[in-house]
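See structure below.
The values are calculated or read from the model by the stated rules, or taken from the named source; none is laboratory data. Since this is a predicted model, take the numbers as computed values, not measurements. Positions of Cβ are backbone-derived with ideal geometry, glycine not excepted, and every protein chain shown enters the neighbour counts. These accessible areas exclude ligands, DNA and RNA; they are computed on the full protein's heavy atoms, side chains included. Shrake-Rupley method; radii C 1.70, N 1.55, O 1.52, S 1.80 Å.
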Amino acid sequence: AVEVLEEYLSLVSQNADRRVFISKNFDDSRREEVDACCMLGRGCQAMGDMSSASEALKRALALSHESGDRTGEAKCLIAFGELYRDIWATRRACEHIERALSICIELHDKAGEAKCVTLLGMLHFARGDTIACMKCLEESLALCKQSVLSSSEAECLMNIGDVHRQQGSIAQAQ
């Protein structure tokens, strides 16, 4: 799977370089390359290769900075936050997700904002701070309701229920 993603990334990169000269559509081609790097990073992460995941995400972040793509930068920071979460580096995970959150707020990206707040909530839960966790999850739920993000709203409700369940509050979990 990694070889296929790396081959795809190579093709996207080559195509991006060609597009610069052909159509001057640099931003779109770099965005595709950023997305491919993030996809490769998440694939490596899923297979437990955190070093390769980190390298792919670093490349994506560098490309985002190079092209001034703030949305891509936020996506990369979220992916890095999830990577750090998976290796139990929760402080670093929070730092990256908080940076992504500030970008999402700046861009008025309610879906990205809700995702960041949900991730922060679950990081608080992993560290044993259920009060901060529930505050974040309820804030995320409110953002989802404001923006009519039904799949994100369902995820928030599931996370809130899961937190209650793990605390033994079965009635509240339902």
Taking Cα atoms only, Rg over Rh for the range 111-174 with Rh from the Kirkwood formula is 0.96
Summing +1 per Lys or Arg and -1 per Asp or Glu among the other residues with Cβ less than 15 Å from G161's Cβ gives -3
Within the chain, helix-based [θ] at 222 nm, where runs of 4 or more DSSP H residues each add -39,500 (n - 2.57), nearest 500: -29000 deg cm²/dmol
nm² value of the averaged projected area, convex hull over the Cα atoms of the chain: 10.9 nm²
Residues of type lysines that K58 reaches as a straight line, Cα spacing below 18 Å, ignoring anything fewer than 8 places off in the same chain: K75
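May I ask you to give the percent of accessible area on the chain that is carbon plus sulfur, with a probe radius of 1.4 Å? Write out the running numbers ahead of the final one.
Working: 5030 of 9410 Å².
Heavy-atom surface of the chain belonging to carbon and sulfur, 1.4 Å probe: 53 percent.
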10 Å beta-carbon shell around A173, net charge (K/R +1, D/E -1): 0
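How high is the relative contact order of the chain, in percent, with contacts defined as C-alpha pairs under 8 Å that are six or more residues apart?
With pairs under 8 Å counted, the relative contact order is 12 percent.
May I ask you to give the solvent-accessible area per residue for the chain, in square angstrom, as obtained with a 1.4 angstrom probe?
Details: 9410 Å² over 174 residues.
Solvent-accessible surface per residue comes out at 54 Å².
Please compute the net charge surrounding A93, taking Lys and Arg as +1 and Asp and Glu as -1 over other residues with Cβ under 12 Å from its Cβ. Mind showing how you got there, number by number?
Working: positive: R85, R91, R92, R99, R127; negative: E82, D86, E95, E98.
In short, +1.
With charges set only on the Cβ (+1 for Lys and Arg, -1 for Asp and Glu), what does the dipole of the chain come to about its Cα centre, in debye to the nearest 20? It would help to have the intermediate numbers written out before the result.
Values: 20 positive and 27 negative charges, 60 e Å.
Magnitude of the dipole: close to 280 debye.
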If you take the Cα atoms of the range 59-127, find Rg, then find the Kirkwood Rh from the mean of 1/r over all pairs, what is Rg/Rh? 0.98
